[in-house]
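Each remark here refers to the structure printed beneath this line.
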Amino acid sequence: MLIRIVPLGEIEDSLLTAIKEALEETLNARCKLLEKTPLPDSAFNRWRRQFDAEKILDFLYDTGKIKFIDKSIPTLAITKEDIYYNGLNFVFGLEDPAGCCIISIARLDPRFYGEPKGFSVLIERAVKEAVHEIGHFLGLDHCPDRFCVMSFSPSVDDVDRKSRDFCKNCKVKLATKGINIE
Ligand SMILES: [Zn+2]
Ligand SMILES: [Zn+2]
């Protein structure tokens with residue numbers, strides 16, 4: 001499997017590389033880092049001081065920043081900005097059936113909760129959320145297994161509780177779609 005990664009706005013190369021390598025290992029995939037793309041002003045909500053995840057994805061589609069030649073290739077946009085969607089206060093990530101997923105590492109960073117900087121904690125959380133959104137892209141729903149990466153994780157504690165791997169059931173579902181991650 002090939003995964004395209006689109007860095008959105010300012011984000012350190014060290015973070016991107018670490019996320020890329022961890023994703024490749026976890027999903028037995030190859031990741032291609034695309035060039036950095038600025039976040040669109042049109043997606044920023046000044047009142048909420050957050051970006052609208054849907055508007056970011058629309059921007060990526062409309063401007064042709066991402067060419068969806070092959071919808072079987074998941075595209076993962078990564079931003080440090082806080083994002084929201086629909087009626088939700090915030091989201092860690094979002095998957096769009098058109099082929100693009102987005103994750104925000106804003107609330108995955110320990111510093112957001114007043115804790116000291118923790119690079120490995122941040123990477124681990126980011127990989128879980130990235131794998132989760134890509135899992136949706138591959139057709140998986142939320143999983144009742146609390147340790148499965150596809151379990152619903154509305155808080156950072158839930159993210160920490162689950163693993164970065166798919167449970168047995170989810171792996172079987174992926175295998176029936178011809179996706180073998182081992
Ligand atoms: Zn989900
Ligand atoms: Zn599962």
Near pairs, Cβ below 8 angstrom, 6+ apart or cross-chain, from the stretch 161-182 (under 9 Å from Cys148 (Cβ atoms)) to any residue that is small (Gly, Ala, Ser) and buried (at least 17 other Cβ atoms within 10 Å of the Cβ)
Lys162/Ser151; Lys162/Ser153; Phe166/Gly135; Cys170/Gly135
Quickly run through the stretch 127-137 and pick out the residues that are farther than 20 Å from Asn89 by Cα and within 12 Å of ligand 1 (Cβ to nearest atom).
Lys128, Val131, Ile134, Gly135, His136, Phe137
What number of residues within the stretch 127-162 satisfy the criterion of being crowded, with 20+ Cβ neighbours inside 10 Å, charged (D, E, K, R) and within 12 Å of ligand 2 (Cβ to nearest atom)?
1
Residue count for the stretch 75-88, restricted to those that are assigned to a loop (DSSP other than H, G, I, E, B) and in contact with a Gly (Cβ under 7 Å, 6 or more places away or on another chain):
2
Any chance you could count how many residues in the stretch 89-126 are outside any strand (DSSP E or B), crowded, with 16+ Cβ neighbours inside 10 Å and either at pLDDT 95 or above or within 11 Å of ligand 1 (Cβ to nearest atom) (or both)?
12
Output the qualifying pairs, or none if there are none: Cβ atoms under 8 angstrom, residues six or more apart or on different chains, first residue in the stretch 7-29 and more than 24 Å from Leu39 (Cβ to Cβ) and touching a residue at least 12 places away in the same chain (Cβ under 8 Å), second residue of a type in the set (D, E, K, R) and in a loop (DSSP other than H, G, I, E, B).
Thr26/Arg164; Thr26/Asp165; Asn28/Glu182
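The values are calculated or read from the model by the stated rules, or taken from the named source; none is laboratory data. Note that this is a predicted model, so its numbers are computed, not measured. Positions of Cβ are generated from backbone atoms using ideal geometry, with glycine treated the same way; all protein chains shown enter the neighbour counts.
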